[in-house]
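This report concerns only the one structure given below.
The values are calculated or read from the model by the stated rules, or taken from the named source; none is laboratory data. In this text, all values refer to a predicted model and were calculated from it rather than measured experimentally. Here the Cβ is made from the backbone with ideal geometry for all residues, glycine too, and neighbour counts use every protein chain on show.
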């Protein structure tokens, strides 16, 4: 393992407590809502904040150890960081920005400029070498920030929301190029993002950080198949219902009952319902589907092929139906509606 | 316009949409403008333009100009060396009593300069709190020496640099320092290569304000350093003394000082005559000497 870190830090209302291991050449995405501690986690690894508890080891070297007091300062860590908003130095040209890390480490001016211009070439910005950061587009600034971090041959690379500042049009291209550069980087890489698409495109593995704690980790497919929190469920667009499972029936705190068909043992559990599995009826359905809840239509979100119907009531659900089905039941926000779902369509997992 | 502001407003507004100020305000403001303009005009009109060069070239004036430049530039350098770290500490470090420290270090801006001179005399004078040891141990005496002038000017002028730079450091994104450190820059390297260049406009403005204040310093200088031609007789001091004995010389020296102030004002016009927040750092005033 290249990076092996257990981080404990109390910072304001944030209580960070996470163990992270990243192999050489591996790219790990840190997903999480705002305020979850993603940036703080990166700052700990970069050496800009010391941990209160725990220890950070890179290739066997101790960078930070709360118990022994060992701490390697940021400037001595050789950890490359691409900051949110890129933080290019406005008084320096693109070339001088890239050369900065080499100059700071005592590389001579001519050699630093030569190596910096090689990197500008690699990110396709040779023509922009003399531009000031203000004159660069978002995508170009991101490339300069990446080149600036990589030119010093860091032992580990940390990226904080590297694509968040870009508009949708350029995002795809920049993301593809970023993937290419991450692939050719040999060290451990952590990418902080709040976009599952970025995580999917860039990372081999995903860590979900919520309120300072890791709530889930694995490949993105593993995480989305079994969302363990409301955040992940909303991220991947499924309904996530927390409750207590007893004899196949999940009882929520709000008094709703969800009949399931899985073999999850009794106790605290999560049920996952895909929005496409939910059917909506104007009147109480005949026969006896085992799951039928009377709900209120809270909102309608009409897309081209499908309509997402937000339901309120004892269960807050998102259902996805066809425009034809919507026309048939003819409901508007505020109307009562019955939602049904087959027990076999509901997957469960222990909490 | 009238569609949006019907009725009364139409009458009150000019075509450009700006409201016309009331007549009384315009009259009072005109008096204020005259109040500032007339004294300057008086000097310009009364100045003996034909003999300007002759007067400036007089040895005692040349001496005073040279001394003033030397002292004010040294005071500005001292303010830079000690004031920049002070501004950095005030902007970045979090310690109890920071407000009190800031008030203490910038008090000389509002203190009557003569009081500053008296305070320096009783602390750094030959029998002063610290001065007595300077004299006893090193034989070093500040009052009535050129170094006394420099100390008096630094005492009065440094706060202008400190407050301007502190304000700029507060606006500076400290994450830029983080970025520079993550690239291998030592704290000192980062300060020189990132922090200072990033606040360059404020730094220059602060230095110019500080220098102008040092150049014009009179009250603390004459109290602490006295009035010895060649060693402590600076331009403002000789100007004051010339009013009775040689009014033409006083006029010409005043003209020279006005020209310098005017150059500073023009040089800093973006900060001084600017609008809103940009003008803030330069908009504080100081007590006249």
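Given the criterion touching a helix residue (DSSP H, G or I) at 6+ places or on another chain (Cβ under 8 Å), at pLDDT 85 or above, more than 17 Å from residue A:251 (Cα to Cα) and outside the structural domain of residue A:215 (by TED's automatic domain parsing), identify the matching residue among A:282, A:308, A:332.
Numbers: A:308 fails: at pLDDT 85 or above; A:332 fails: touching a helix residue (DSSP H, G or I) at 6+ places or on another chain (Cβ under 8 Å).
Just a single option satisfies the conditions, and that option is A:282.
Quick check on my filter: what residues within segment B:106-138 are outside any loop (DSSP other than H, G, I, E, B) and closer than 16 Å to residue B:213 by Cα?
So in segment B:106-138, the residues outside any loop (DSSP other than H, G, I, E, B) come out as B:106-109, B:113-124, B:131-138.
Result: B:106, B:107, B:108, B:109, B:113, B:114, B:116, B:117.
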3 or more residues loosely packed, with under 15 Cβ neighbours inside 10 Å: qualifying helices (runs of 4 or more DSSP H) within segment A:155-237: A:168-184, A:220-225
Residue A:260 being over 22 Å from residue A:235 (Cβ atoms), in contact with a helix residue (DSSP H, G or I) (Cβ under 6 Å, 6 or more places away or on another chain) and surrounded by 17 or more Cβ atoms within 10 Å (Cβ to Cβ): yes
Enumeration of residues in segment A:103-121 that are under 35 Å from the mean Cα position of the chain (by Cα), away from chain B (no Cβ under 14 Å) and either within 13 Å of residue A:145 (Cα to Cα) or not in a helix (DSSP H, G or I) (or both): A:120
Residue A:71 in the same structural domain as residue A:159 (by TED's automatic domain parsing), within 17 Å of residue B:186 (Cα to Cα) and under 31 Å from the mean Cα position of the chain (by Cα): yes
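On the given criteria, is residue A:62 touching a strand residue (DSSP E or B) at 6+ places or on another chain (Cβ under 7 Å), away from chain B (no Cβ under 14 Å) and closer than 29 Å to residue A:195 by Cα?
no
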Filtered residues of segment A:256-279 (kept if at pLDDT 85 or above and assigned to a loop (DSSP other than H, G, I, E, B)): A:256, A:260, A:266, A:274, A:278
Any chance residue B:195 is within 14 Å of another protein chain (Cβ to nearest Cβ) and modelled with pLDDT of 90 or more: yes
Residue within segment B:198-216 that is in contact with a strand residue (DSSP E or B) (Cβ under 9 Å, 6 or more places away or on another chain), within 14 Å of another protein chain (Cβ to nearest Cβ) and surrounded by fewer than 22 Cβ atoms within 10 Å (Cβ to Cβ) present: no
Only one of B:72, B:77 that is under 22 Å from residue B:208 (Cα atoms) and either in a loop (DSSP other than H, G, I, E, B) or touching a helix residue (DSSP H, G or I) at 6+ places or on another chain (Cβ under 6 Å) (or both): B:72
Segment A:71-95: number of residues that are facing chain B (nearest Cβ under 10 Å) and either without any contact (Cβ under 8 Å) to a residue 40 or more places away in the chain or not in a strand (DSSP E or B) (or both): 16
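Quick test for you: out of A:231, A:200, pick the one residue that is over 18 Å from residue A:43 (Cα atoms) and outside the structural domain of residue A:37 (by TED's automatic domain parsing). It would help to see each step written out before you state the result.
On the way: A:200 fails: outside the structural domain of residue A:37 (by TED's automatic domain parsing).
Residue meeting the stated conditions: A:231.
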Filter pass, residue B:223 being part of a loop (DSSP other than H, G, I, E, B) and either more than 14 Å from chain A (Cβ to nearest Cβ) or in contact with a helix residue (DSSP H, G or I) (Cβ under 6 Å, 6 or more places away or on another chain) (or both): no
